[in-house]
Structure formats: C-alpha cells, structure tokens
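Worksheet: the structure to be examined is printed underneath.
Bear in mind these aren't lab numbers, they're just calculated from the coordinates by the rules spelled out. If you're wondering where the values come from, they're calculated on a predicted model, not measured in any experiment. Note: ideal-geometry Cβ built from the backbone for every residue, glycine included; neighbour counts use all protein chains shown.
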Amino acid sequence: MAIASDSIRRARPLLGTFVEIEIAGACRSDMDGAIDAAFDAMAQVHRLMSFHEPDSDVSRLNREAGLHPLAVHAWTFEVLDTAIELHRRSSGLFDVTIAPALQTLGLLPRLKDRPVPAPIAASADAIELLPDHKVRFRSTDVMIDLGGIAKGFAVDRAVAALRDFGVPGGMVNAGGDLRAFGVEPRAVHIRDPRDPGRSVCRIDVADEALASTARRVELFESREPDGSAVIDPGTQRPASRLDGVTIRAPSCMIADGLTKVAMISGTDAGQLLEFYRAGALLFSDGDVQITSDWYHRVHLAG
C-alpha cells in the first residue's frame, strides 16, 4: 500500500526575521524531521556568523584574526570564500570588511571595549584564507560583517537539509530571501519598495533562489524611501542609485550578495549577473527594469 504524502508549513523567528518553510511530497513523520533539521541548520548559521553574538566565528575573527590565524567552521570558511570571489568579480563593490563604516553611520553597535577604527582601504584582499579552515586578517584594523550574504547561505543550508531527508519539493523563505526546489513552480509576489503594501509583479520560481533589498521606508511619516543599509565602499555612504532590487540566482547566497552589488551599480551590474547566471528586477522612481533573460517569468501587476 502506498504511503500517503502530505504538505506542511512552519514558521519561526530566526536570523533577525521571520523564516517560513513549506514542503510537500513525503509522509508527515519524515517532513516533521526534515523541517526541524532545516531550522536547526539555519540556527547554526546564525550562531556561526552573527556580528553581535560574542562567541560567533565572526566575533572571534574580529577580535583575534588580525593577531594570529584562527580556525573557523567549514560553513564560515565557505561563506568567506564566496564573499572574496564576489568582491573581486564586482571590482570591490561587494565588501564584507566595511563593518567600521556601518558603525560610524550608526547601523551597527560598537564592539564592547573596542573603538571604531578610522576607515581603511577595506577590501576582501585584507582576508587570508589558509589551509585547515584557518583565517587571518592582514591588519588589526580589519573587521568583517557577513550580514550581506549569510542569510542567503542559511536558506541554502536549510534546502540542503530538506533534500537530505528526501523531501522532493518546497520553499524556504527568510524575510524575502527565498529558495524553491522541486519540479513545481512557486508563485512569489514582489512588493513595491516605495510602497510595501502594493504588489508590483508575480514571479514563478522553480529550483532557484530570489533575494531582495531596498531603501528603507518610514511607514508612519512618509512613503518616500529613506537611506539604505547597503553601503557603497567607494563613498562609505548608503547606496542611493535605486529604490530596490530583486535578484534571481541558482543559490540564495549568490542572490543575496548580488542584491548589494546591484543596489550600488544599477544597470552596470549586467556582466556580473551574467557570470553568475542571475537575473534582476531594478526599481527606480516607480519604474521597473527587467533583465532580458527574465521577461517570460515576470508577470507585472495590472
């Protein structure tokens, strides 16, 4: 007798947002264990890569890696490796070593008992990746923040955990950074970055990831976009070229990282998007630009 399949959806607060996991196509007991494993994987990413937790790999690196090599978890090493590659391919626009600039702007708290250093010629070249998952910073002034890429990585780890349990399809959504897997497309509605209560378009997502970022909107005083949490390394100021961006890519980690590059460079990011097999929606002054590879998958609202 065939075992009946079911579908299940669960949500938890994680990664500074609300994470929802929806899966189907397996028996209920298997899916319960799969979702628990997926949430556990995301929680582990948070423990390893949080800028604020004192025992995280990131905090340990910020305290000690400028003094001596430090061993980190394989996942942290993988994210750093990807961040360095993305930094080089984006000509420095994606930069995880700009934590001091974020602190200066009041977007991150100062580390206890450590003053904010003066801005240095920050770049991922300041990070050395060594054998045995060891990391060294070339200066004691270097600090990192993986917030621009770690949430996407956590989504990818959750999907990997679900697949390890044999789940054939589903979606993991961490506050708009999401990844769908399986043969069935998932409809995702993208909100207007200038008016988050309004849907701009619907996107059919299958075996790929989406990530979005936007300038902040003060809902209680004005609907006009405010400053961005994305910092342009060239100016050390919030990016202001676009109101928002949504990126499609094979992995959520790459999609997450590319949103920051696109917010800074706008349409100039085309070559980088092509290299990573990614597409983009760019929002500016009420207009939407769609990369040519994505037209047939984006359904604009009437």
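Couple of notes before you dig in:
- Full extension of the chain between S7 and R202 yields a length gain of 67.9 nm, computed as 0.36 nm times the residue separation minus the alpha carbon distance.
- Once the Cβ-Cβ distance of C27 and D287 is raised to the sixth power relative to R0 = 45 Å, the FRET efficiency obtained is 0.40.
- Net +/- balance of residues flanking E20 in space, Cβ distance below 11 Å, scoring K and R +1, D and E -1: +2
- Prolate/oblate/rounded call for the range 170-211, Cα gyration tensor, a/c under 1.5 rounded: prolate
- Using alpha carbons only: equivalent-ellipsoid semi-axes of the range 36-85, gyration tensor based, whole Å: 20, 14, 8
- The distance between label points at A160 and A71 comes to 2.0 nm (points 7 Å beyond Cα on the Cα→Cβ vector).
- Cα gyration tensor shape of the range 233-301, rounded if a/c is under 1.5, else prolate or oblate by comparing a/b with b/c: oblate
- Peptides ranked, highest mean first, by Cβ atoms within 10 Å: ranges 165-175, 84-94, 264-274: 165-175, 84-94, 264-274
- Residues whose amide H falls under 5 Å from that of S56, counting only those 5 or more places apart or on a different chain, are absent, with hydrogens built in the peptide plane.
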